[in-house]
Amino acid sequence: MAALNAATATSGPIALVTQREVEREEIEDPAELYSVGTLAKIAQVVQLQDGTVRAIVQGQGRLKVLGFVQTSPYIIVRVEELPT
């Protein structure tokens, strides 16, 4: 949520990557994520009555995660854009 709020506040892009182990809560090492993902723009964030947050994002391109810049309060990564 902290990453989503920060990206929404700055209108910045986000990196969407899949984690290797679904049941893990905390990601501490880049090796726990797949290195190729999607560069996306947040189009809309909606908080539902049950407290669930739904984000609509628009893919802008492919990216490769090169490493972590920070891990707290949310993960920030260094990325390289890949050709589509």
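The values are calculated or read from the model by the stated rules, or taken from the named source; none is laboratory data. Quick caveat: nothing in here was measured; it's all calculated off a predicted structure. Here the Cβ positions follow ideal geometry from the backbone for every residue, glycine too, while neighbour counts run over all protein chains shown.
Values for this structure:
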item: Number of the condition not met by LEU16 [criteria: (1) over 11 Å from the mean Cα position of the chain (by Cα); (2) closer than 14 Å to ILE75 by Cβ; (3) at pLDDT 90 or above]; result: (1)
item: Test: residue in region 18-30 that is part of a loop (DSSP other than H, G, I, E, B), touching an Asp or Glu at 6+ places or on another chain (Cβ under 8 Å), touching a residue at least 12 places away in the same chain (Cβ under 8 Å) and surrounded by fewer than 12 Cβ atoms within 10 Å (Cβ to Cβ); result: yes
item: Residues that are aliphatic (A, V, I, L, M), exposed (fewer than 10 other Cβ atoms within 10 Å of the Cβ) and modelled with pLDDT of 90 or more, drawn from region 31-55; result: ALA43, VAL46, LEU48
item: In region 59-84, residue nearest to THR8 (Cα to Cα) [restricted to those that are among the polar types (S, T, N, Q) and surrounded by 12 or more Cβ atoms within 10 Å (Cβ to Cβ)]; result: GLN60
item: Qualifying residues in region 32-75 (those that are without any contact (Cβ under 8 Å) to a residue 12 or more places away in the chain and of a type in the set (A, V, I, L, M, F, W, C)) - the one farthest from THR18 (Cα to Cα); result: LEU48
